[in-house]
2 protein chains.
Amino acid sequence: MLKPDTALPDQIEAVEQQPATSGAQTGHPTTDAPRAGAVSARDQRPSSKLERWFLNWFLTACGDPAIRVLLWDGATVTPARQPPVGDVVIREPATLWRLLLDSDAAFGDAFSDGTLEIRGVVVDVFAEIWRAIRNAPVGGLLGKVLSAIRRRRSHSITSSRRTIHQHYDIGNEFYRLWLDDRMQYTCAYYGQPGMTLEQAQLAKLDHVCRKLQLQPGQTVLEAGCGWGGLALHMADRYGVSVRAFNLSHEQIEFARQNAAARGLSRQIEFVEDDYRNASGKYDAFVSIGMLEHVGLENFTELGRVIDRALTPAGRGLIHSIGRNAPQPLDPWTEKRIFPGAYPPSLKQMMDIFEPFRFSVLDVENLRLHYARTLEQWLERFEGSSSKVREMFDERFVRMWRMYLAGSVATFRIGGLQLFQVLFTRGSNNDIPWTREHLYPVPR
Amino acid sequence: MLKPDTALPDQIEAVEQQPATSGAQTGHPTTDAPRAGAVSARDQRPSSKLERWFLNWFLTACGDPAIRVLLWDGATVTPARQPPVGDVVIREPATLWRLLLDSDAAFGDAFSDGTLEIRGVVVDVFAEIWRAIRNAPVGGLLGKVLSAIRRRRSHSITSSRRTIHQHYDIGNEFYRLWLDDRMQYTCAYYGQPGMTLEQAQLAKLDHVCRKLQLQPGQTVLEAGCGWGGLALHMADRYGVSVRAFNLSHEQIEFARQNAAARGLSRQIEFVEDDYRNASGKYDAFVSIGMLEHVGLENFTELGRVIDRALTPAGRGLIHSIGRNAPQPLDPWTEKRIFPGAYPPSLKQMMDIFEPFRFSVLDVENLRLHYARTLEQWLERFEGSSSKVREMFDERFVRMWRMYLAGSVATFRIGGLQLFQVLFTRGSNNDIPWTREHLYPVPR
């Protein structure tokens, strides 16, 4: 089936609006004979009856989305429900067969190499397919079988290093093209409507620091510090000392240089190592956007690290992409973008806290904020796409477009969540009575 | 071991401050010979060497709390750590043996019938015992074994009716003596310091209604409505129509009379039935203080009822006593106060939401608020204790004192939590961007 977890950007990838012209109002999809010239084909072989039959069966199994499918020879499968939201264009037989046999990963690859295109408002096209699959009993069953046979990846310290290199060491210059000036590669917080990406990322940092109730002179352990933006902000604005762990060499170097340039080197120690090797006691623990890479089987170990590290009145905050119910990451993103990544459900996250009787004080779901963050990243990415093409190649540009745009759609549609979980020791009574301090009155 | 989940009120039950006079600074407890007249004894038989040996062993197994134990004949077990926080007085051999053999339930019963007394600041005494047990490896192991052999109660609709009668149908007049004027028998919300019970219960109702974002004309399903205070408030102040379920005949009658008196009978339907029999579609689902009585094995069924009842953009809120990690309710409270009750952990609560892919938007832990609520209930209860004694008897007064004061201590010490979980359908995008609307600026 088509990937339920990705989508294509509407403005950018809307190749052309080409309304469907035939098809019944209700019932099953109908197939029209090939029409020469309807599609710019790479392979002139006509589609076979078998191929069209399989495609029909496949669309039915996907819950009959209101999507028209065009094949390389102009053959058209018109959906039962009219009008169609848009078109999926399959430009060669091999792509069709890959979609039929390994739809989850094949969709993203075909989009990346240009053998699959979308016509119409692409996020709408994708949302239509996604909702149809979600509501199709067969699709749901297929999904369960697929999930069951996917094996979990092991997250030994060595394999974590490899994973982190694959994504985060692409090069700071690349990320600088489309992230905000603090290089925050996690969900921003749009506390006020109309915030820019820079404003929303700053608001996120303050939202986290307010939740942690940081006081000058306190110590903070940060697991997975990215380019160090939060560590620098905590040290600079909240007067705390930070020990920040990260496996990415490029990110740590960047963070150290920034700390030195801002005279904060004595307040922040950036450690190029696994968070599991952290020692010492801290007033706060914070981890923004790392849990997705930790792996379920290491959640209790993460809890143990935090339990070892926190002072009796210490507070902790974990900010992570999550799910409403357990489900593996879509295979394409897992294969091409984040090997080994897994967004947990809240129930799964509790394996960090419950074995150590941590008291969860506050959970906030920022799903819509991540959709907005990704929209702003995508907009900047597209604005710099010619530079990205020079740095890498066209396939890389399309792959990242697929990933960013697909993520926008997934957060919009409720396929992924963003949880901020605030916690403390079960015995700690030094906790705020309300959350009003998170919402200071604007002056 | 002594019950870890209850305590005795400090002002009320502090019989007399009687500092301990002997005992080593470190090491094991020491036992002094009986001294005539030290304790007002009901049984003049001297304590045996075996009894004193068992008591010593028992205190060691409980982690050696800094508590002095006095027996009926004046024999004293002085703790190793000095000075002791207070005394536990055991007034007859049968009580000692019951404590040694079935400590969990026997403690509350012995306190209720007056054969066990506390001398000193009683909440401090209890907290000391509780912390010692929590930190004792043997106590922890004993606790686990005890938990394992306790069987779960079944919550068929019939048994639910029995349970509800046992507690809630004691009589509205009794509850009226110490609850607020809206008869809220759940955790209040102290949004501002120094709030009275009435103010804090009103603030709780508004906090819940703001979380649910109720709009005039909307419909609400309430499961477990108590005396109808929330339903009346929602209908009156937020202009919604409410269908409210409760199994307690006395409560439903009270609620109906109140609705009629305030001209709200057409806006609220109070149904004397199980929430599982609810039909229809609603813009909001709310349940305050019912989940504790639902039973783990019915959580998914509760989720199904909500899934059946909510409109596509519907919101739900569940307010429940909970735990940091799974643990049965203490046996005395379960036996004498709330048969079949079970406060779930957050992980366990997720069995309501995850099977239906509900999206958890917000979790708030109001533990300290419940400690404060219980303090205010206890204060009013003690102020009316002579009336309660007339209505029932002395044992009933002591039993409710044990329950209320024990609950204060348990919430204070972090043994119980209060979770408010706000959720909606996974596909609903009509959700607020921030939680700022929960914290209106005071005029």
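The values are calculated or read from the model by the stated rules, or taken from the named source; none is laboratory data. What you are looking at is a predicted structure, and each value in this text was computed from that prediction instead of being measured. Ideal geometry is used to build each Cβ from the backbone, glycine not excepted, and the neighbour counts take in all protein chains shown.
Comparison of A:L310, A:L346 shows that the only residue that is facing chain B (nearest Cβ under 10 Å) and in contact with a Phe, Trp or Tyr (Cβ under 7 Å, 6 or more places away or on another chain) is A:L346.
The set of residues in the range B:294-346 being in a helix (DSSP H, G or I) and acidic (D, E) consists of B:E297, B:E301, B:D307, B:E334. A:A200 falls short on exactly one of the conditions (1) within 14 Å of another protein chain (Cβ to nearest Cβ); (2) touching a Leu at 6+ places or on another chain (Cβ under 7 Å), and that condition is (2). Yes or no: B:T78 under 20 Å from B:A127 (Cα atoms) and hydroxyl-bearing (S, T, Y)? So B:T78 fits the description; yes. Has the range B:275-290 got at least one residue that is more than 27 Å from A:F356 (Cβ to Cβ), part of a loop (DSSP other than H, G, I, E, B) and within 14 Å of another protein chain (Cβ to nearest Cβ)? No; the residues of the range B:275-290 include none that is more than 27 Å from A:F356 (Cβ to Cβ), part of a loop (DSSP other than H, G, I, E, B) and within 14 Å of another protein chain (Cβ to nearest Cβ). Among residues of the range B:324-342 being surrounded by fewer than 24 Cβ atoms within 10 Å (Cβ to Cβ) and within 14 Å of chain A (Cβ to nearest Cβ), the one that is nearest to A:S359 (Cα to Cα) is B:A325.
Taken together, A:F338, A:F358, A:F423, A:F353 contain a single residue that is modelled with pLDDT under 90 and not aliphatic (A, V, I, L, M), which is A:F338.
Applying a threshold of 8 Å to beta carbon distances and a minimum spacing of six or more residues, or different chains, the list of pairs starting in the range B:380-406 at a residue that is free of Cβ contacts under 8 Å to residues at least 24 places away in the same chain and among the charged types (D, E, K, R) and ending at one that is surrounded by fewer than 20 Cβ atoms within 10 Å (Cβ to Cβ) and in a helix (DSSP H, G or I) reads B:R389/B:F396.
Set side by side, the residues B:F285, B:F245 differ, and just one is crowded, with 21+ Cβ neighbours inside 10 Å, without any contact (Cβ under 8 Å) to a residue 40 or more places away in the chain and in the same structural domain as B:Y175 (by TED's automatic domain parsing), which is B:F245.
Looking across the range A:349-364, the residues that are at the interface with chain B (Cβ under 8 Å from one of its Cβ atoms) and either over 28 Å from B:Q327 (Cα atoms) or assigned to a helix (DSSP H, G or I) (or both) come down to A:M350, A:D351, A:F353, A:E354, A:P355.
Annotation: of all residues in the range B:354-403 being of a type in the set (K, R) and buried (at least 21 other Cβ atoms within 10 Å of the Cβ), the one that is nearest to B:P432 (Cα to Cα) is B:R367.
Per the listing A:T373, A:T300, the residue uniquely more than 9 Å from chain B (Cβ to nearest Cβ) and more than 30 Å from A:G426 (Cβ to Cβ) is A:T373.
Residues that are in the same structural domain as B:Y370 (by TED's automatic domain parsing), in contact (Cβ under 8 Å) with a residue 40 or more places away in the chain and more than 26 Å from the chain's Cα centre (by Cα) do not occur anywhere in the range B:188-211.
In the range A:200-210, the residue that is surrounded by the fewest Cβ atoms within 10 Å (Cβ to Cβ) out of those that are out of contact with any helix residue (DSSP H, G or I) (no Cβ under 6 Å at 6 or more places or on another chain) and over 20 Å from A:W377 (Cα atoms) is A:D206.
For (1) modelled with pLDDT of 90 or more; (2) not aromatic (F, W, Y), each residue gets a yes or a no:
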position: B:F58; (1), (2): no, no
position: B:C62; (1), (2): no, yes
position: B:L70; (1), (2): yes, yes
position: B:R81; (1), (2): no, yes
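Remark: B:A260 falls outside the filter, which requires a residue to be touching a strand residue (DSSP E or B) at 6+ places or on another chain (Cβ under 6 Å) and of a type outside the set (V, I, T).
Every listed requirement among (1) closer than 24 Å to B:Q201 by Cβ; (2) over 12 Å from the mean Cα position of the chain (by Cα) is met by B:N324 save one, (1). Counting the residues of the range A:211-242 that are of a type in the set (G, A, S) and surrounded by fewer than 21 Cβ atoms within 10 Å (Cβ to Cβ) gives 3.
Among the residues of the range A:231-274, write down those that are within 23 Å of A:A188 (Cβ to Cβ) and assigned to a loop (DSSP other than H, G, I, E, B). Answer for the range A:231-274, where residues must be within 23 Å of A:A188 (Cβ to Cβ) and assigned to a loop (DSSP other than H, G, I, E, B): A:V240, A:S248, A:R262, A:L264. For the range B:407-430, a residue qualifies if it is free of Cβ contacts under 8 Å to residues at least 60 places away in the same chain, more than 8 Å from chain A (Cβ to nearest Cβ) and over 13 Å from the mean Cα position of the chain (by Cα), but none of them does.
Quick check: anything in the range A:277-284 of a type outside the set (S, T, Y) and touching a His at 6+ places or on another chain (Cβ under 9 Å)? Looking through the range A:277-284, none of the residues is of a type outside the set (S, T, Y) and touching a His at 6+ places or on another chain (Cβ under 9 Å).
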